[in-house]
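Everything below concerns the one structure shown next.
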C-alpha cells in the first residue's frame, strides 16, 4: 500500500495510545457493552425490527430484516446504528428536569448531556418571559399551532432533518405549498445541496447514479472528502470487498484518517477483525478547498496520457470542447500551487484511474462544504465523463449522504429548488399554481428571521440552532420568530437556545421503529424501504405520529379544499398521493399490498442516456479557486509577546457522533480526548511557536473559544480540525451562492497563546 502524503513522505507515527486500525475490536466492545446491558434485549429486538436504520443514508433494514442491506446481505448493522437506537430506547425525561431546571441550567448542557436526559414524552410550552417549560395538552397545542399558521404565507417557514419518513416529508411540503409558502428549509441545505445542484445541472438528476449492485462491479473507487469509517461504516464493507478482488481505492482528504488506511469490519470476523483490512491504495492530502484544482490535475494527466474517452464525450456529452480547452490551458504550476499536491502524485493517481475498468467517484461534505461546492461536484463529474465512467454498471458518481432519509426529503419536495415535473403534478393535485415567490433555504431562513421577516417556524426534527454557523446570530434570529414548533424524539440544545419570541413548543413524536403505521424512507442510493409499525417502550407517554400531527393541522387550516386533508391521517392515502406526484415513485402506491421495496426510477444509469433535454450530460468548465488566508491582523493582531498562526479550519464530527448529537466525548482515532481540542500539523505547531497539548485560544470571525488543547496529528500543513457543533460559536462560514451551503471546511481562524519553549521552525 502506498500511503503518500502531500509532501511525498509516509505519515508520522501515531501518538502513543492512538489506534492504527479503524473499527476492529473497539466495535465489538461497543456492541457488547450495549447489548449485554440491562436494555440489551430491547436493543436486540429493535435491531431486528423491520425498519430502516436511524443513522446514515447507507443504513440497512426494511423488509429484508434489520441486519440486511437492499441486496439481502446479512451482518450489515454498524455501531452507529446501535448508538442511535440505544439513545431512542432511553427512559422518558423525568418531569423534574423541565419543572425544576431553569432555562439557564438547560442552556449549560452540552449536546451529549442534553441527549442523555432521555426521551421526550409529553408536549411542552415555553411562554414569553417564563423561565421554565411547562406541560401543555394536545388540544391547546393545536389551537396555538393553528393560530400561528394563520399568517401571510411568506412569513411562514419550516425546517426539517432526515430522521422522519417520506410520508411526513410529503405532508410537510404539501401543507406549506397549499398555504402559499415555499419556505421549506432542510438540513440538506447545510450539507449536500451542492451535490444536488451540481449533478442535476450535468446529468438532469441530483442523486447517486450508482446502486449498491453497481458499486460491487467497480474496480476503483475515488473517495473524496469523506470520513466513511466514522460516518458511513457500512460503506467500508464494500471498500474491503473491492480491495480483496484486486481493485484500488484512491482517498483524497486533508486529514489522514486511520480508518481509511486500515479498517477492521465485524462483517468479516476472520480476515478483517484481527489486523484490519487495507483500504487506501493511494492517499492524497490536498489543501482544503482546492478540490477543483485536484480534479483539473487528474484531468490534465489523463488527457496527456491519452486516457480521455473522446468517442464517449462526442456521443454522450455536451460542452466537452470547452472543458478540454480549459484542461489544456490551465498550467501545472497553477494546479500545484492551488492544491499543494505534486504533479507526480496527480499523474500517479490518474494512471490508477485510467487502468480501471470501472470507477466510482464518491464524496461527502469535504467536497460540498465550500464556497465553490457546486464547482467541486461538477469537477468530479467532468472527470467521470472524461474517462467514460458514467452511465454504465460499475461506474459513476455517488454522493454519500448523511441523515438516513435526507435524500427522501428532497424526493418528497422538501426543497427550495423544486423539480418542474413535480411542480406541475402538485399544481394539478392542489388545483392551483404554486406560489412564484422563491423559498428560504436554511441560511436564507436565518437571515430572514434575523431581519424580522418570519412569524412562524415548524421544525420537523433536527437542531436548527446547533447546525448553523455563528451560534449567536442563529440564537438572535430564532428569538425574533413569534412561534416555533419543534417536533422531536429527544431534547437537544436547540430546544434551549433556539427560543421563539412568544411561544416555543417542544412536541414529542414516535420514532421510526415505534410509529403505529407503516412508513417509508429512501437510501442514498435511491432505494425505498418500507418500515413496519411498532410500539413505544415509554409508559404513560403522550406521543403523536408526525403524519397525524401534520394531517390534523392541515385539516384545521384547510378543511377539505382542494383535497380531504383529514383523510391524510391514513398514510396509505398519503402514499397514493406520493405515487401521483413524485417522479419515479409510482410503485409506492402498491407497497402496502406487495411489501416490495424498490429503486426510484430514472436515477441509476446503466446506459449513458441522461434525463436532460438532449439525453446527453452537460459538461462545463470549473474555475480554479483563489485560495488565501488572512493574516493575524484580520483578527485584531497578536498581543506583544503572544505566539500564534492563522490556519484553515475544517469543522468535523468526531467518531462518536451523528450530526449534532454527540454519543462519546472523545475521538480516540484522531487522538482527541475531549471536545475542546484542535488537531494541527506538527510543523504548524512549531511554526506558530506553540507546543503539543498546550492550551490556547482559537479566534474566529464570530468570537473566541478559550482553553483549547492542541493535538498534533496527520493533517495537511496550514489546516486544522475542530469539532462541530461546538466550534460554530466562533465561525462565520460564507455560503456557496449557487445553493446556500456554508463553507464549513475552510474557515480562517487564529490560534493564539503564550510562546512555548520550543524554537519555532521557518516555513517550508
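Observations, loosely collected:
- Anisotropy class of region 632-753 from Cα gyration tensor, a/c 1.5 cut: oblate
- As a calculated quantity, the FRET efficiency between residue 95 and residue 501 at R0 = 25 Å, using C-beta atoms, amounts to about 0.40.
- Multiplying the residue separation of residue 429 and residue 665 by 0.36 nm and removing their Cα-Cα distance gives an extension gain of 80.1 nm.
- The chain: relative contact order in percent, alpha carbon pairs under 8 Å with at least 6 residues between: 20 percent
- Relative contact order of region 632-753, pairs being alpha-carbon contacts under 8 Å that are 6 or more residues apart, as %: 36 percent
- Counting every other Cβ atom within 10 Å of each residue's Cβ, 115, 606 order from fewest to most as 606, 115.
- Considering only the chain, percent of DSSP beta bridges that pair antiparallel, nearest 5: 40 percent
- Contour excess over end-to-end distance, with Cα ends at residue 241 and residue 331 and 0.36 nm allotted per residue: 28.6 nm
- Cα centroid separation, region 597-675 to region 415-462 (Å): 26 Å
- Look at where the Cα atoms of region 118-152 and of region 370-395 average out, and the two centres are 47 Å apart.
- Take every DSSP beta bridge whose two residues both sit in region 193-399; close to 10 percent of them are antiparallel.
- Centroid-to-centroid separation of region 191-209 and region 239-276 [C-alpha atoms, Å]: 28 Å
- For the pair residue 134 and residue 355, a Förster radius of 60 Å applied to the C-beta separation gives a FRET efficiency near 0.35, rounded to the nearest 0.05.
- Spin-label pair residue 200-residue 633: with each label point 7 Å from Cα along the Cα-Cβ axis, the two points sit 4.4 nm from one another.
- DSSP beta bridges confined to region 632-753 are antiparallel in about 70 percent of cases.
- Contour minus Cα-Cα distance for residue 103 and residue 437 (0.36 nm per residue): 116.5 nm
- Prolate is the label for region 193-399, because a/c, from the alpha-carbon gyration tensor with a ≥ b ≥ c as root eigenvalues, is 1.5 or above and a/b exceeds b/c.
We did not get these values from a lab; they are worked out from the coordinates using the rules stated. A quick note: this is a predicted structure, and the numbers were derived from the prediction, not measured. Positions of Cβ are generated from backbone atoms using ideal geometry, with glycine treated the same way; all protein chains shown enter the neighbour counts.
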